[in-house]
Amino acid sequence: MPRRTILIVEDERSLAEVLAYNLESEGHEVHVARDGRDGLSKAKALLPDLVVLDLMLPVMDGLAVCRELRSDARTKGVRVLMLTAKGEEVDELVGFHMGADDYVTKPFKMKPLVARVRSLLRRPDAEEAEAEKVTGAGIEVDRERHTALAAGEDLNLTPTEFRLLWTLMRQPGRPFSRHELMDASRGGDANALERTIDVHVRSLRQKLGERAETVETVRGVGYRFNESAVSDA
């Protein structure tokens, strides 16, 4: 894997140092910020490939930082791996809804976390995607422009939600397993990350609103895109 720039935003000094050491051992350039506002400032200055972002930060919390990153055109596509001591499903959903690409609860083992970082960094950037567009049920996804619209309105999807919807809409009616969807939307190490697909799907459905039923659950398999699920499609 080529050398990448990673920003760690973590106020716990010992954890930040261990994270930095392990990610530098992977050959990456690593920067550290101790609070949310400093992290946001460094993210905008460095434009890193990945931000490892703690949720509970002084000055400015991780959700606010993530929200700011996603609202800025220059940092909108930056990958975000959120760290938090909270482990309830509702907290995961909030994190993904705010734009996190992955979510790790503390305490965690370092090797699996580094593997998840590798997976996120292998994910192709939006600008690397070929010029393609898919439409169905009043939804339009354009990979060249990296836009996703429903009835002409911007869905404001996170990068992972965008790739998930793209994958489903490219082959409407075809059931995808959670393993396949995670592999398509994130890259390798799909087995370790497979359970988070359900959380991403819930967030995606919320953003689809009246078209939420187009992302249909296939019992015992996973999900598929059903464009006939919306009567006005």
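The values are calculated or read from the model by the stated rules, or taken from the named source; none is laboratory data. Here the structure is a predicted model, which means the values were calculated and not measured. Backbone-built Cβ (ideal geometry, glycine too); neighbour counts: all protein chains shown. Side chains included, ligands, DNA and RNA excluded: accessible areas come from the protein's heavy atoms. Shrake-Rupley method; radii C 1.70, N 1.55, O 1.52, S 1.80 Å.
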Subject >> Rough spin-label spacing in nm, given labels placed 7 Å along Cα→Cβ, for A184 and V221 >> reply: 1.2 nm
Original post:
Residue by residue, what Karplus-based ³J(HN,Hα) values in Hz, rounded to whole numbers, does the range 55-61 have, using 6.51, -1.76 and 1.60 with θ = phi - 60° and x for Gly and Pro?
Top reply: 7, 8, 10, x, 6, 8, 6
Subject >> Amide H contacts under 5 Å for F176, placed H, 5+ residues apart >> reply: Y223, R224
**OP:** Set the Förster distance to 25 Å, then compute FRET efficiency between V18 and R122 from the Cβ-Cβ distance, nearest 0.05.
**Re:** 0.65
**OP:** Whenever you get a sec, line up H28, H97 from highest to lowest accessible area (probe 1.4 Å, protein heavy atoms).
**Re:** H97, H28
Subject >> Potential extension, A85-S41 segment - 0.36 nm per residue separation minus Cα distance >> reply: 13.4 nm
Original post:
Rounded if a/c is under 1.5, else prolate if a/b beats b/c, else oblate: with a ≥ b ≥ c from the C-alpha gyration tensor eigenvalues square-rooted, which is the range 1-47?
Top reply: oblate
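Keeping every protein chain present and rolling a 1.4 Å probe, give me the accessible area per residue for the range 1-87 in Å². Spell out each step's value before the answer.
Numbers: 3910 Å² over 87 residues.
In whole numbers, the range 1-87 has 45 Å² accessible per residue.
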Original post:
Roughly to the nearest percent, how much of the accessible area of the range 128-170 is carbon and sulfur, given a 1.4 Å probe?
Top reply: 38 percent
Original post:
Across the range 214-227, in residue order, what do the Karplus-derived ³J(HN,Hα) couplings come to in whole Hz, using 6.51 cos²θ - 1.76 cosθ + 1.60 with θ = phi - 60° and x for Gly and Pro?
Top reply: 5, 8, 9, 6, 10, 4, x, 10, x, 9, 8, 9, 10, 5
**OP:** Show which lysines lie in cross-link reach of K133 when reach means a straight Cα distance below 28 angstrom and same-chain residues fewer than eight apart are skipped.
**Re:** K76, K207
**OP:** Please give the FRET efficiency for K133 paired with R3, using the beta carbon to beta carbon distance and R0 = 35 Å, rounded to the nearest 0.05.
**Re:** 0.55
Subject >> Debye, to nearest 20: dipole size of the range 1-78, +1 on Lys, Arg Cβ, -1 on Asp, Glu Cβ >> reply: 400 debye
